[in-house]
1. Residues being near the ligand (Cβ under 7 Å from one of its atoms) and surrounded by fewer than 19 Cβ atoms within 10 Å (Cβ to Cβ): count how many of those fall in segment 35-46.
2. Considering segment 36-48 alone, what residues qualify as being over 15 Å from residue 12 (Cα atoms) and in contact (Cβ under 8 Å) with a residue 12 or more places away in the chain?
3. If you go through segment 221-260, how many residues are out of contact with any helix residue (DSSP H, G or I) (no Cβ under 9 Å at 6 or more places or on another chain) and under 21 Å from residue 185 (Cα atoms)?
4. Would you call residue 133 over 27 Å from residue 190 (Cα atoms), more than 12 Å from the ligand (Cβ to nearest atom) and in contact (Cβ under 8 Å) with a residue 24 or more places away in the chain?
5. Could you check, for segment 109-121, whether at least one of its residues is over 25 Å from residue 64 (Cβ atoms), assigned to a loop (DSSP other than H, G, I, E, B) and in contact with a helix residue (DSSP H, G or I) (Cβ under 8 Å, 6 or more places away or on another chain)?
6. Scan segment 47-70 for residues that are surrounded by 15 or more Cβ atoms within 10 Å (Cβ to Cβ) and more than 9 Å from the ligand (Cβ to nearest atom) and jot them down.
Ligand SMILES: N[C@@H](CCC(=O)N[C@@H](CS)C(=O)NCC(=O)O)C(=O)O
């Protein structure tokens, strides 16, 4: 089994979490997304959307992180990560779908706050060439705007508002449950973790700390050995520090934006 992935990509983290929970060994092919590895022709043949992760297993290619995780749970069911009960399985997929819906908003926030300063230090034509290769027009235009305008980009506050709506719903669920579906850590919890971790890394940790049940869930997930194997061990401290420094540069704007969305 081979995983094409990236250290900090949320979608890669959620697949690595499932691989770790299931103790599945894999060969790692890391892509540098800021250098454009995802646009190389050989990779585009595997994943024409030019995104990570991509899983290769038994000679077949699997894309889309949520579907990769479903595949892994179907193909390697010894450690099951879907609830046995049909209604709880529906609940698990409901959360996965909502979390997938948050993904573009997470990208907007991450680029506007944390990735932008690094890109601004590079030659403008190099960054333009990178963005121009994004196959999807909407994603390309949003990326361009977020790199130009940062937290002042028109999409930024909407992205923050989307986080608030979802995190409120999660908080309500977790007020009286340990996990998002059923009685155990499932694919839905694996799907959520990277997005909660991301807001922690980019100066938006109040979105979690203001929601005690979500914060307690986050702590529970971080206590799992799979979190260490799949996420923590891969995170270079320099990158975490860079994200924190970038967030500090826009601290006041973030406080304004949070207050504008009622936080
Ligand atoms: N729906 C896809 C989304 C994958 C995705 O957007 N991956 C990001 C990293 S989390 C990526 O590869 N971005 C490449 C880029 O921004 O150029 C999935 O769930 O696999």
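The values are calculated or read from the model by the stated rules, or taken from the named source; none is laboratory data. All of these numbers come straight from a predicted model, not from anything done at the bench. Glycine gets a Cβ as well: all are built from the backbone with ideal geometry, and neighbour counts include every protein chain shown.
1. Of all residues in segment 35-46, those near the ligand (Cβ under 7 Å from one of its atoms) come to 38.
In the following step, the residues that additionally are surrounded by fewer than 19 Cβ atoms within 10 Å (Cβ to Cβ) were identified as none.
Counting residues in segment 35-46 that are near the ligand (Cβ under 7 Å from one of its atoms) and surrounded by fewer than 19 Cβ atoms within 10 Å (Cβ to Cβ) gives 0.
2. Once the filter is applied, which keeps residues that are over 15 Å from residue 12 (Cα atoms) and in contact (Cβ under 8 Å) with a residue 12 or more places away in the chain, segment 36-48 yields 36, 39, 43, 46, 48.
3. 2
4. No; evaluated as a whole, the condition is false for this residue.
5. So far as segment 109-121 goes, no, none of its residues is over 25 Å from residue 64 (Cβ atoms), assigned to a loop (DSSP other than H, G, I, E, B) and in contact with a helix residue (DSSP H, G or I) (Cβ under 8 Å, 6 or more places away or on another chain).
6. At the first step, the residues of segment 47-70 found to be surrounded by 15 or more Cβ atoms within 10 Å (Cβ to Cβ) are 47, 50-57, 62-66, 68-70.
Across segment 47-70, the qualifying residues are 55, 56, 57, 62, 69, 70.
Residue-by-condition table, conditions (1) closer than 29 Å to residue 5 by Cβ; (2) modelled with pLDDT of 95 or more:
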site: 230; (1), (2): yes, yes
site: 233; (1), (2): yes, no
site: 243; (1), (2): yes, yes
site: 249; (1), (2): yes, yes
site: 256; (1), (2): no, yes
site: 261; (1), (2): no, yes
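The rows are residues; the columns are (1) farther than 20 Å from residue 246 by Cβ; (2) in contact (Cβ under 8 Å) with a residue 40 or more places away in the chain.
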position: 59; (1), (2): yes, no
position: 64; (1), (2): yes, no
position: 79; (1), (2): yes, yes
position: 100; (1), (2): yes, yes
position: 114; (1), (2): no, yes
position: 126; (1), (2): no, no
position: 143; (1), (2): no, no
position: 146; (1), (2): no, no
position: 149; (1), (2): no, no
